[in-house]
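Read the figures in this text as sums done on the coordinates, not as results from a lab. Source: prediction; values computed, not measured. Cβ coordinates were reconstructed from backbone atoms using ideal geometry, including for glycine residues, and neighbour counts include every protein chain displayed.
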Amino acid sequence: MRIRAGCELTFDFPQPTPMIAALHVHFSRVPDLERPDHLVTNPAVPIEGYRDSFGNWCDRLVAPAGRFTLGTDTVIRDAGASDPVNLNALQHQVQHLPAETLLFLLGSRYCETDVLSEEAWRLFKETPLGWPRVQAVCDFVHNHLVFGYEHARPTRTAAEAYAERRGVCRDFAHLAIAFCRCLNIPARYCTGYVSDVNIPPPHPPMDFAAWMEVYLGGRWFAFDPRNNGIRFGRILIAQGRDAADVPLTQIFGPGTLSSFRVWTEEVQ
């Protein structure tokens, strides 16, 4: 299967403004790209690439005053398989976890484990360990929160989402991540493209998506509490502790996002 994936974001800036963009397909999928997903800007400006502390590929640039557009476009080869599922994946005891996973047990900007720990154990202490417990978390979050773009708020934390019972995909991910960490399951935040491949129409307008990966049975598995079902053609852009680590764009000054488009579509 071949999937065309990309985006176009347009900003209006009152003055020259430094920016960081994390819009490239994750390095783990680079061998699958049919062409490089170079960041293209209008007007053209110098771009410097670097890897952040989580290994994500980022670009830094200075946007000129006025209207400024940036984006990527590529075709990625995909096996066409669904998100991997292993109902028997075991939960590791904390003392047996690899050292590199321990960071994803800790609280972070949007995932307040100290606030939610007691509630997590109240809700899930009777669920079986491993995959069934993570799925129980996803089922709960999926049913507890009402999705709606009108509910978007960039400062909403997992605990606030739990109390307010609404949000967008990042809020679903943050709440599920926080619960998993409270239950001693490493969980990390992911952002990228979730395609509508094999999903019956009608399809909503395409947008970037957020989900989580949890560490079970010696590897990371994707779980998607927002959609809470099998998806095909998921394309990762970046991973971190939560959305604070992997903003798609970060501007250092005043500016307005005036429009954006996101696309993922199967092509021949």
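For the stretch 145-251, what is the percent of antiparallel DSSP beta bridges, rounded to the nearest 5? Antiparallel bridges make up about 90 percent of those DSSP assigns within the stretch 145-251. For R166, the residues 5 or more places off, or on other chains, whose built amide H falls under 5 Å of its own are V146. Among A244, A173, A209, the largest mean-square fluctuation in a Gaussian network model of the chain (Cα springs under 10 Å) belongs to A244. The helix-based estimate of mean residue ellipticity at 222 nm for the chain, built from -39,500 (n - 2.57) per DSSP H run of four or more residues and divided by its residue count, is -5500 deg cm²/dmol to the nearest 500. Put simply, the convex hull of the Cα atoms in the stretch 171-239 casts, on average, a shadow of 4.9 nm².
Compute the signed sum of charges (Lys and Arg +1, Asp and Glu -1) over the other residues within less than 12 Å, Cβ to Cβ, of A243. Don't jump to the answer; show the numbers that get you there.
Values: positive: R109, R153, R156, R170, R188, R241; negative: D171, D242, D245.
Net of charged neighbours comes to +3.
Dipole check for the chain: with +1 at the C-beta of Lys and Arg, -1 at the C-beta of Asp and Glu, and the Cα centre as origin, the magnitude is about 140 Debye. Size of the chain from its Cα atoms: along the principal axes, largest to smallest, the extents are 57, 41, 39 Å.
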